[in-house]
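Every number in this text was worked out from the coordinates using simple rules, so none of it is lab data. What you see is a predicted model, and the numbers here were worked out from it, not measured in a lab. Neighbour counts are summed over all protein chains in view; Cβ atoms, including those assigned to glycine, are modelled from backbone coordinates with ideal geometry.
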């Protein structure tokens, strides 16, 4: 079998897009904006967690008070302890 040499013209390689200074500065700007948005969202997450904890604490206290009212007629000593536990700490 005979071999034949073939020459193929290939266009010169172009610069990669991310090596362009404009694209590099746009990527850096997006990274800075992403970092700037992360701080407020973390603070909002912490506020929501604190609000959720306060609501849970209030709900637990209300449940204790309701339980104390329920046992007030039949077991006044136990109801008194429940009232004391519910009213002991009003802050989370």
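Note on residue 44 and residue 70: their simple-model spin labels are 3.9 nm apart, each label 7 Å out from Cα toward Cβ. A simple packing score, the average count of other Cβ atoms within 10 Å per residue, orders the peptides 27-39, 59-71 as 59-71, 27-39, with the highest score first.
The residue 81 and residue 52 beta-carbon pair, evaluated with R₀ = 41 Å, returns a calculated FRET efficiency of approximately 0.90. For the chain, the alpha-carbon coordinates run over 108, 43, 12 Å along the three principal axes, in decreasing order. Taking only Cα atoms, what is the 0 to 90° angle, nearest 10, from helix 76-88's long axis to the longest principal axis of the chain? Helix 76-88 sits roughly 40 degrees off the main axis of the chain.
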